[in-house]
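Encoded as structure tokens, the structure appears first; notes follow it.
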Amino acid sequence: MGEKVFYVTTPIYYPSDKLHIGHALTTTMADTLARYKRLRGYDVYFLTGSDEHGQKIQRKAREAGLQPLAYVDRIVATFQELWRRLNISYNDFIRTTEPRHMRVVQELLQRIYDQGDIYKSTYEGWYCTPCETFWTERQLVDGNCPDCGRPVELVKEESYFFRLSKYAERLLQYIKDHPDFILPVTRRNEMISFIEGGLEDLCISRTTFDWGIPVPMDPRHVIYVWFDALTNYISALGYGAADDHLFRKYWPAAVHLVGKDIVRFHTIIWPIILMAAGIEPPRQVFGHGWLLVDGGKMSKSKGNVVDPMVLIDRYGADAIRYFLLREMPYGADGYYSEDALINRYNTDLANDFGNLLSRTMAMIERFNGGVIDAPAASEPLDEELKAIAAEVPGEVDAALGNFEFARALAAIWRLVNRANKYIEETAPWALAKDPAKKQRLQTVLYNLAETIRQVTIMVGPFMPGVPARVWEQLGLQDTPAALSWESLAGWGGLPAGTRVRRGEPLFPRIETNAQEGEEPVTVAETPAAPTAEKATPAADRKEATVEEITIDEFARINLRVAEVLAAEKVANADKLLKLEVKVGDERRTVVAGIARYYQPEELVGKKVVIVANLKPAKLRGIVSQGMVLAAVDGETLSLVTPERAVQDGAQVR
Ligand code: MSP
């Protein structure tokens, strides 16, 4: 395997229905990584596809009065259309009904059978058809599927079983030896406890329906749909084929991006199938959270399924991609609402980024005849801007290396916002009035255009429609060296003398009044039968509902801005920092559990928000007179600080 090879996959989606915005999330993440790695010179292979067999699809087709293949053909076409509209740059789309896939599934099963890891017995237990999952009586929650909460069916039939249990120890060792195999770490821990709880052999064939790949040594059976589906990751690479160069090149450089509900299949069943067949396991599995809407998970029966096509029509693919990647907290669930989407759009895209471009273009045209001239001597303000620009590419790289899409975008926006502040600070309109300041003006305009160039290179993987539009305005279409990631190193990749051409606003502001009267973006379809309803699993119900309080109840909490005067570690307490803070005329001691996230030095001088009327509490012998507010996002913790300069003591409400 060459060093710079990157193989990224999405789950293959069930063509039982059209896809919704939650599905678009995984695929957008995968596409962003694929584009980013390409930009960094990797040889990338990006795979997506459709999971077309199984009882669920067979039933759906029957309900629609169609043959299964005719049924899925229609839906798969809508997947491909969605990916085209969303600018998804996959290299291959695998369908599990294709002969190239079916051959590999059969060969893999035969191989594992021949070596004695598959045996025939009788399956007696429960089956969740929507999830295509077997459950034991003990695993059910109130008699329903523990994953989706829907009713399960009793199944008793002759089946082939795969000796998962035999490989449990080996898998556990593999997971322990490879700390980055399962991310985020919370999912890794869940999987470790699941395996330690004991693995049962897996039923891998069915006889009570026939929409599947026949078991090669016993064609009365069809292969269990998850065994079939997981194999797509190697069948698409031509595993075992006469021409298997893709497999040899890309496997196992794989990152499987999946939703949290299917991490178990990818980190337990899939690696064990591969181990049994003597194939290396994938390198990484990242399990993201769900995108929830008002009312929890999207479901047809609730009528809250958000159709990404409609959103793309309304706001454009780049804005949808930006929203998904920016709004999902790392590894945890996120929320979609059209208001939140419009808010992100107007604030981050129209205001921050779009305005930076249009203001800069307008100033270069008005004050400098539309030409970006070479900068002259650098001043401290310029150095501040450049210092941030120098940090951001590394931050983006580190964040994406860890699948922290929101953090990567936040890092880029730090530069966008610094540049907006730079405009206010340098006031080019004032410089333009004084001919003696001509060189200073040119320097400022150059630095702004250079910042936009750098930002645009970095946002390209997230919003692939953006770069071409900016390059046209900046006049950089024909200067490929100025568009590469490498050109971010150092300042000044933008060739002086470039002529700009002001264009349409990148992201025209959305006037929310215009929204009134428009249909909410949900797929209005006749409610499905109650059995098709996806109930919210217990864990997510907890996350989705927070008790309502009145404004008076909220007012009882005294939130105040405090300035940190001093900070030190608390002896014998790894997590605690002792802060001396100033709240107006008052000084207080506050103990905060933030030592793992902040160094004491970096806190001094920061303005934070504290709960000032919390009953004092003694922590490690220190009386803490308040609590510091912080946002917690998976593994990240960020102190809440006022966004503009305000005096300590100021009320927060
Ligand atoms: N066919 C299987 C995957 C086989 S992969 C070898 C499957 N398909 S699915 O269509 O039901 O779901 C595919 C993916 O979409 C899963 O990763 C699931 O977590 C994800 N999502 C479904 N609804 C989602 C949200 N509301 N939010 C985020 N992801 C969502 O499972």
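The values are calculated or read from the model by the stated rules, or taken from the named source; none is laboratory data. These numbers come from a predicted model, not from an experiment. Note that we place each Cβ from the backbone using ideal geometry, even for glycine, and neighbour counts take in every protein chain shown. Calculation scope for accessible area: heavy atoms of the full protein, side chains included, ligands and nucleic acids excluded. Shrake-Rupley method; radii C 1.70, N 1.55, O 1.52, S 1.80 Å.
Observations on the model:
- Residue 126 being without any contact (Cβ under 8 Å) to a residue 40 or more places away in the chain, farther than 18 Å from residue 213 by Cβ and surrounded by 15 or more Cβ atoms within 10 Å (Cβ to Cβ): yes
- Checking the stated criteria, residue 192 turns out to be closer than 19 Å to residue 261 by Cβ, assigned to a helix (DSSP H, G or I) and either within 16 Å of the ligand (Cβ to nearest atom) or hydrophobic (A, V, I, L, M, F, W, C) (or both).
- Given (1) more than 16 Å from the ligand (Cβ to nearest atom); (2) among the small types (Gly, Ala, Ser); (3) at pLDDT 95 or above, index of the condition residue 49 fails: (1)
- Segment 374-391 - residue that is assigned to a helix (DSSP H, G or I) and among the aliphatic types (A, V, I, L, M) and, of those, surrounded by the most Cβ atoms within 10 Å (Cβ to Cβ): 385
- Within segment 270-301, the set of residues being touching a helix residue (DSSP H, G or I) at 6+ places or on another chain (Cβ under 8 Å), open to solvent by 40 Å² or more (accessible area, probe 1.4 Å) and basic (Lys, Arg) comprises just one member, 300.
- The single condition among (1) of a type in the set (S, T, N, Q); (2) more than 14 Å from the ligand (Cβ to nearest atom); (3) at pLDDT 95 or above; (4) open to solvent by less than 60 Å² (accessible area, probe 1.4 Å) that residue 97 does not satisfy is (2).
- The listed residues are 279, 273, and the only one of them that is closer than 30 Å to residue 202 by Cβ, in contact with a strand residue (DSSP E or B) (Cβ under 9 Å, 6 or more places away or on another chain) and among the β-branched types (Val, Ile, Thr) turns out to be 273.
- Criterion (in a strand (DSSP E or B) and farther than 30 Å from residue 405 by Cβ) met by exactly one of 581, 632, 609: 581
- Failed criterion for residue 201 (all others in (1) surrounded by fewer than 19 Cβ atoms within 10 Å (Cβ to Cβ); (2) of a type in the set (D, E, K, R); (3) within 16 Å of the ligand (Cβ to nearest atom) hold): (3)
- Subset of segment 441-497 that is under 19 Å from residue 352 (Cβ atoms) and among the small types (Gly, Ala, Ser) - its residue that is farthest from the chain's Cα centre (by Cα): 449
- Count of segment 35-74 residues which are aliphatic (A, V, I, L, M) and buried (at least 22 other Cβ atoms within 10 Å of the Cβ): 4
- Residue ID - farthest from residue 311 (Cα to Cα), chosen from residues in segment 10-28 that are surrounded by fewer than 24 Cβ atoms within 10 Å (Cβ to Cβ) and more than 8 Å from the ligand (Cβ to nearest atom): 17
- Of residues in segment 212-233 being within 11 Å of the ligand (Cβ to nearest atom) and of a type in the set (Val, Ile, Thr), the one nearest to residue 112 (Cα to Cα): 231
- Exclusive hit being small (Gly, Ala, Ser), closer than 25 Å to residue 304 by Cα and either without any contact (Cβ under 8 Å) to a residue 24 or more places away in the chain or more than 15 Å from the ligand (Cβ to nearest atom) (or both), set 34, 64: 64
- Each residue in segment 239-272 was checked for being within 13 Å of the ligand (Cβ to nearest atom), under 19 Å from the mean Cα position of the chain (by Cα) and of a type in the set (Val, Ile, Thr), and 4 pass.
- Residue check for residue 304: more than 10 Å from the ligand (Cβ to nearest atom), open to solvent by 40 Å² or more (accessible area, probe 1.4 Å) and farther than 25 Å from residue 401 by Cα: no
- In segment 244-296, the residues that are of a type in the set (Gly, Ala, Ser) and farther than 11 Å from residue 8 by Cα: 259, 276, 277, 278, 287, 289, 295, 296
- Hits in segment 451-474 (condition: over 17 Å from residue 322 (Cβ atoms) and crowded, with 21+ Cβ neighbours inside 10 Å): 451, 453, 454, 473, 474
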